[in-house]
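First the structure, in the form of structure tokens, and then the observations on it.
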Amino acid sequence: MGLNPTDIDITSDVETITPETALDWLTANVKNRTVKNSKVARYASDMAKGLWQLNGEPIKFDQDGRLLDGQHRLMAVVESEVTVQSLVVRGLPTESQLTMDQGTARGAGDQAYLAGAIQKNTERVSSAIRCLITWTRGDLFSRAEVSNAEIVQWAEQNQDDVRFLEELSHRFKKRSLPRPSAISAVALVVRWDYPEEADQFLLGLIEGIGLVESDPRLALRNRWERDRTQGVNPDLKDVIGFTIMAFNHYRRGNSLTKMQRPVGNRWTAANFPRLEN
């Protein structure tokens, strides 16, 4: 049975949370969801980089001082060894925990749009940025995650590239190509280093225009078509790796009729393709 409203004494205030404070508060974490270590690591990374912001999402305690919501944030404070500020609400009914976190979380695209960093095709563009950061910082073979705050920061700092990704994501509409976000990430990097070749490469790869037998772009499209008919959804490594491989052959003017993984049929950090000079 719930408490009578007249018996509830709820307080809220912005408090400074040091790693020592967070560790102390976590001792009151007697009943909560299973901890997601990847979420803790993502939050801690944002805190360490100065990307964590006071946003009105409170740490919540019940009327007996038990922690109801905020364990991942507090664990991240401990892990990052960074002091943060947060709204803290105390005195909630214990049973109120059952109704927490019921809303739809804002994705990276939503946050970037609200920040004015991405204007069109927000989810596709933010997904491309996530792939780009994961790949270029060397995390394709790790469990590291890219936070929404990192995506928003990247978009704010690279507006010309965001415009390119917005236009490219529009070209992908009604195209049956796998993981457009991963292809977009490769396309952007190709554009940075080889702007003249990038447009023609993408024209053939995305639109299928101007392809002849043994064209590396046709070999890649055929690989994707074979995967599609067999019900295979290529993973991030396959799409990025094969697209880089196709571009390297295309730029050198090589013929290619079949896309294959390296010896052993698996990608590793050592054998993963890189753009060639």
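The values are calculated or read from the model by the stated rules, or taken from the named source; none is laboratory data. Here the structure is a predicted model, which means the values were calculated and not measured. Cβ placement follows ideal geometry from the backbone for every residue including glycine, while neighbour counts extend to all protein chains displayed. Accessible surface is based on the protein model in full, side chains and every heavy atom, while ligands, DNA and RNA are left aside. Shrake-Rupley method; radii C 1.70, N 1.55, O 1.52, S 1.80 Å.
Could you pull out the pairs from Lys49/Lys237; Lys49/Lys120; Lys173/Lys258; Lys60/Lys237; Lys31/Lys120; Lys36/Lys174 whose alpha carbons sit more than 31 Å apart here? Working shown, then result.
On the way: Lys49/Lys237 27 Å; Lys49/Lys120 27 Å; Lys173/Lys258 26 Å; Lys60/Lys237 40 Å; Lys31/Lys120 42 Å; Lys36/Lys174 36 Å.
Beyond 31 Å: Lys60/Lys237; Lys31/Lys120; Lys36/Lys174.
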Protein accessible area in the chain, 1.4 Å probe - carbon and sulfur %: 47 percent
For the chain, accessible area per residue (1.4 Å probe, heavy atoms of protein chains only), Å²: 55 Å²
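Less than 13 Å Cβ to Cβ from Ala44, Lys/Arg counted +1 and Asp/Glu -1: what total charge do the surrounding residues give?
Numbers: positive: Lys36, Lys39, Arg42, Lys49, Arg73; negative: Asp46, Glu79, Glu81, Glu145, Glu150.
Once all neighbours under 13 Å are counted, the net charge is 0.
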Label-point separation in nm, Arg66 to Arg261, each point 7 Å along Cα→Cβ: 4.7 nm
Of Pro58, Pro262, Pro234, the one that fluctuates the most in a GNM where the chain has Cα springs shorter than 10 Å: Pro262
Leu51 paired with Asn29, simple spin-label distance in nm, labels 7 Å along Cα-to-beta-carbon: 2.1 nm
Counted charge near Arg179, where neighbours are those whose Cβ lies closer than 9 Å (Asp, Glu -1; Lys, Arg +1): -2
With DNA, RNA and ligands ignored, accessible area of Arg73 (1.4 Å probe; Å², nearest 10): 40 Å²
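Under a Cβ-only charge scheme (Lys and Arg +1, Asp and Glu -1), can you give me the dipole magnitude of the range 152-277 about the Cα centre, in debye to the nearest 20?
Numbers: 19 positive and 17 negative charges, 125 e Å.
Its charge dipole is roughly 600 debye.
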Whole-number D in µm²/s for the range 108-153 (Stokes-Einstein; Kirkwood sum over Cα pairs; 37 °C, 0.692 mPa s): 308 µm²/s
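Hey, what's the Kirkwood Rh for the range 237-277 if you take every pair of different alpha carbons, in angstrom?
On the way: mean 1/r = 0.0934 Å⁻¹.
After inverting the pairwise mean of 1/r, the radius is 10.7 Å.
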Cβ-based net charge around Arg90, under 13 Å, with every Lys or Arg adding one and every Asp or Glu removing one: -4
Sequence-distant residues sharing a close amide H with Val88 (under 5 Å, placed H): Asp13, Val14, Glu15, Ile59
Helix axis angle, 216-229 relative to the chain longest principal axis, alpha carbon, degrees: 60 degrees
Nitroxide proxy distance, nm - points 7 Å out along Cα→Cβ at Thr83 and Gln159: 3.6 nm
Residue with peak Gaussian network fluctuation, the chain [Cα springs, cutoff 10 Å], from Lys174, Lys36, Lys60: Lys174
Lys, Arg +1 and Asp, Glu -1 on Cβ, resulting dipole of the chain about Cα centre, debye, nearest 20: 1500 debye
Cα-based helix-to-principal-axis angle, 71-80 vs the chain, degrees rounded to 10: 70 degrees
Debye log10 I(q)/I(0) at q = 0.08, 0.12, 0.14 Å⁻¹ for the chain, Cα point scatterers: -0.46, -0.83, -1.00
